[in-house]
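Visitor: Below are the structure tokens for one structure; questions will follow.
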Amino acid sequence: MDFLKLLEKNRTYRKFDQQRSLSEEKLLQLIEYARRCASGGNAQPLRYRLVHQSDELAATFSTLKWAAALPDWERPEEGERPAAYIVILKDTQTKDLASLTDAGIAMQSILLGASDMGYGGCIIASVDKDKLRKNLNIPERYEILFVVALGVPAERVQLEEAAFGDKLDYYRDSDEVHHVPKLRLDELIV
């Protein structure tokens, strides 16, 4: 696939076809992509907790907040929920040279790989970390950084051209199309 097309396909999805599962094998392949990425000082502080069993899916979903820019929409309904999650962790017993940068690189690689496989995802930072730690029995050694929700997208996301000064909040129209304004290239070059 052309790289620009892959980037355009790699959107933030918040609705999924819950009936379409994601195997542990595919999740491990996504971690393999992240494992091969750059790491600040090669410290490699990231660890991953895979979630794909039904009881853990529900336990993880209950800790997440979705789409702050959509005040009339709280979260995916039953049937629209993710098929899997990857919890991004920092091992506190490793050097921390750039763990948030490492996490960004890893999550982008995971999501690009997921898009290439026909899946989509959403990076979630608004997490009840104490509850998630308890629900998934994550040892104190690991700091919870983010959760990446994954599944087969069940919504349409459309990029929109925007100019400096335009409103850049994403929104949904009456047909439930999710619109994402993006500044034009000429607006980004200084």
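Visitor: Using a Förster radius of 30 Å, what is the FRET efficiency between Asp55 and Lys9 based on their Cβ-Cβ separation? Nearest 0.05, please.
Guide: The calculated FRET efficiency here is 0.45.
Visitor: I would also like to ask the following. Only one of the values (1) 31; (2) 46; (3) 34 was calculated from this structure for percent of Cα pairs over 26 Å apart; name its label.
Guide: The value computed from this structure is option (3).
Visitor: Name the residue from Phe3, His52, Cys37 whose Cα lies farthest towards the positive end of the charge dipole of segment 1-58, charges +1 on Cβ of Lys and Arg and -1 on Cβ of Asp and Glu.
Guide: Phe3
Visitor: Let me ask another. Once you charge only the Cβ atoms, +1 for Lys and Arg and -1 for Asp and Glu, what is the size of the charge dipole of the chain about its Cα centre, to the nearest 20 debye? Write down the numbers at each step before the final one.
Guide: On the way: 26 positive and 31 negative charges, 133 e Å.
For the chain, the charge dipole is close to 640 debye.
Visitor: Hey, another quick one. As a test, work out the antiparallel percent of DSSP beta bridges whose residues both lie in the chain, rounded to the nearest 5. Could you put the intermediate results ahead of the total?
Guide: Details: 23 of 30 bridges.
Just about 75 percent of them are antiparallel.
Visitor: With only Lys, Arg, Asp and Glu charged, each at its Cβ (+1 for the first two, -1 for the last two), find how big the charge dipole of segment 131-177 is about the Cα centre; round to the nearest 20 debye.
Guide: So the dipole magnitude of segment 131-177 works out to roughly 580 debye.
Visitor: Right, another one. How far, in nm, would the chain grow between Thr101 and Ser23 when pulled straight, counting 0.36 nm per residue and subtracting the alpha carbon separation?
Guide: Values: separation 78, 0.36 × 78 = 28.08 nm, distance 2.74 nm.
Gain on extension, Thr101 to Ser23, equals 25.3 nm.
Visitor: Cα-based count: Lys pairs in the chain below 17 Å, eight or more positions apart or different chains?
Guide: Working: Lys5/Lys182; Lys9/Lys182; Lys15/Lys65; Lys65/Lys129; Lys65/Lys131; Lys90/Lys129; Lys90/Lys134; Lys167/Lys182.
So the count works out to 8.
Visitor: Could you give the size of the charge dipole of segment 47-117 about its Cα centre, using +1 on the Cβ of each K and R and -1 on the Cβ of each D and E, expressed in debye and rounded to the nearest 20? Write down the numbers at each step before the final one.
Guide: Details: 7 positive and 11 negative charges, 70 e Å.
Magnitude of the dipole: close to 340 debye.
Visitor: Of all the stretches in the chain, which is the longest one without any exposed loop site, taking GluC sites (Glu not before Pro) in a DSSP loop (any state but H, G, I, E, B) with at most 14 other Cβ atoms within 10 Å? Numbers along the way, then the final one.
Guide: On the way: sites that count: Glu74, Glu77, Glu78, Glu140, Glu176.
Longest stretch, sites excluded: 1-73.
Visitor: Something else about it: Please report the spacing between the Cα centers of segment 107-156 and segment 19-47 in Å, no decimals.
Guide: When both Cα centres are located, 11 Å separates them.
Visitor: In deg cm²/dmol, rounded to 500, what helix-only [θ] at 222 nm does the chain give when every DSSP H run of at least 4 residues adds -39500 (n - 2.57) and the total is split over its residues? Kindly include the intermediate steps, with their values, before the conclusion.
Guide: Numbers: 6 runs with 58 residues, N = 190.
Calculated from helices alone, the mean residue ellipticity at 222 nm is -9000 deg cm²/dmol.
Values in this text are rule-based calculations from the coordinates and carry no lab data. The shown structure was predicted, so the numbers you read here are calculated from the model rather than taken from an experiment. Cβ atoms come from the backbone with ideal geometry, glycine included; neighbour counts cover every protein chain shown.
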